[in-house]
Each structure stands twice: as structure tokens, then as C-alpha cells.
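Visitor: Can you read through this structure? Questions will come right after.
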Amino acid sequence: MKALYRKYRPLSLSSVVGQDQTIAQLSGALASNKISHAYLFVGPRGCGKTSVARIFAHEINHFEYQLEDSYVDIIEIDAATFTGVDNIRELREKAMIVPSVGKYKIYIIDEIHMLSTNAFNALLKILEEPPEHVVFIMATTNPEKVPATILSRTQIYRFSLADIDTMQTFLNSVAERENI
């Protein structure tokens, strides 16, 4: 039996609850085929930044998204453990290799604010002159810890916790479907 949080986790942008404005903007970018080379998702813990990053990455490349799937062209990195300059240098080298299946090689970097100063400087080099086939989707709870040089090279999307009415409506629908 699958845990409820996994069973009802959104698998498309249209099924994300409580982030209407941000989802509309991201969907608009997809519809107009205006994909930026770098995005920064900012918001409190638990508001869906990383989940939306995963969904958005799949939708950019027109990949079907399932929780258990994995595509070689979507690379997820936890900056809390991948903090050093050598890690980012290795990322830069690998980013130069064209994608295997999708149009883009997409790097999701969670907790981006945890990178060291030298790692941010190394990341800046690829953000300044990114290969056409690379997209970065970064997420943070602490945008004030991200250098202005990085911020200025990203499209920033703000997330917030869903309001009580939205969450109550969603939870009621889950409860009905689960006969709770």
C-alpha cells in the first residue's frame, strides 16, 4: 500500500495545489516554448519547490513523470551534501555533454544556498555562458544566502504555503476518495 503523501503527490503542473500564480507562469513559459537557462524557486520548507522542479523538468523535456522514474537528462543534486567547488567543476564538465534523450539536460539543485563561496563562483561561470542544452532549476529556503551574481542570472519564482481553505478542500477530497 502506497503512503498517502506519495499517492496524492502531483505528477503534472496542472495538479499542483496552492501555487496557482507560479504554476500559471511556468505553464505559460512551456506553452510559449520560452525556456530560460536558470530558474530559482524560493519559499518556505514544505511548499512544493522541489516537487514542482521535478515536474517542470519533466514537462520541459516532454517526459512522462512518475515518482519512481529516472531519466539520465534530469540530474537532481542536494547542495547540502554537494557543497564544494570540485563538485560544481565536475557538474560544469558533465553539463557540456549533450543530452541523451531530451532536448535539455536539466539540473535540479535543491538547497542551493548551502553551496560554498567557491562553489557559487564556479556555478556562476556556467550561468554566465550556459550551453544551449542546459537548464538549471534551483530551490532554496534562504535566498538571502544566494549571491546577487547568481540571483541576477535566474528567473525567480516565489512559493508560499497554501492557504487554509485550499488545503482543507484538498484534504477533504483525499479523505472522500480514501473513505476516511
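Visitor: Does the range 135-173 hold any residues that are open to solvent by 80 Å² or more (accessible area, probe 1.4 Å) and among the basic types (Lys, Arg), and which are they?
Guide: Across the range 135-173, the qualifying residues are Lys145, Arg158.
Visitor: Among the residues of the range 137-173, count how many are more than 30 Å from Thr117 (Cα to Cα) and assigned to a loop (DSSP other than H, G, I, E, B).
Guide: The qualifying residues number 2.
Visitor: What do you reckon, is Arg153 in contact (Cβ under 8 Å) with a residue 40 or more places away in the chain and within 19 Å of Gly18 (Cβ to Cβ)?
Guide: Judged against the criteria, Arg153 is not a match.
Visitor: Residues that are open to solvent by less than 20 Å² (accessible area, probe 1.4 Å): list the helices (runs of 4 or more DSSP H) wholly contained in the range 1-62 that include at least 3 such residues. Walk me through how you get there before you give the answer.
Guide: Values: elements: 4-7, 20-31, 49-60.
Hits in the range 1-62: 20-31, 49-60.
Visitor: Right, another one. Please pick out the residue among Glu176, Glu132 that is open to solvent by 30 Å² or more (accessible area, probe 1.4 Å), within 30 Å of Gln21 (Cβ to Cβ), of a type in the set (D, E, K, R) and not in a loop (DSSP other than H, G, I, E, B).
Guide: On the way: Glu132 fails: not in a loop (DSSP other than H, G, I, E, B).
Step by step, each of Glu176, Glu132 is checked, and only Glu176 is open to solvent by 30 Å² or more (accessible area, probe 1.4 Å), within 30 Å of Gln21 (Cβ to Cβ), of a type in the set (D, E, K, R) and not in a loop (DSSP other than H, G, I, E, B).
Visitor: Within the range 79-89, identify whether any single residue is farther than 25 Å from Phe63 by Cβ, surrounded by fewer than 16 Cβ atoms within 10 Å (Cβ to Cβ), among the aliphatic types (A, V, I, L, M) and in contact (Cβ under 8 Å) with a residue 24 or more places away in the chain, and answer yes or no.
Guide: Yes - at least one qualifying residue is present in the range 79-89.
Visitor: Can you list residue pairs whose Cβ atoms sit under 6 Å apart, with the first residue in the range 7-25 being under 22 Å from Ala175 (Cβ atoms) and the second being surrounded by fewer than 17 Cβ atoms within 10 Å (Cβ to Cβ) and among the hydrophobic types (A, V, I, L, M, F, W, C)? Count only pairs 6 or more apart in sequence or on different chains.
Guide: Here the result reads Tyr8/Val174; Val17/Phe170, each pair linking the range 7-25 to a residue that is surrounded by fewer than 17 Cβ atoms within 10 Å (Cβ to Cβ) and among the hydrophobic types (A, V, I, L, M, F, W, C).
The values are calculated or read from the model by the stated rules, or taken from the named source; none is laboratory data. Since we're looking at a predicted model, the values are computed, not measured. Every residue, glycine among them, receives a Cβ derived from its backbone with ideal geometry; neighbour counts consider all protein chains shown. To get the accessible areas, we keep the full protein, side chains included, count just its heavy atoms, and leave off ligands, DNA and RNA. Shrake-Rupley method; radii C 1.70, N 1.55, O 1.52, S 1.80 Å.
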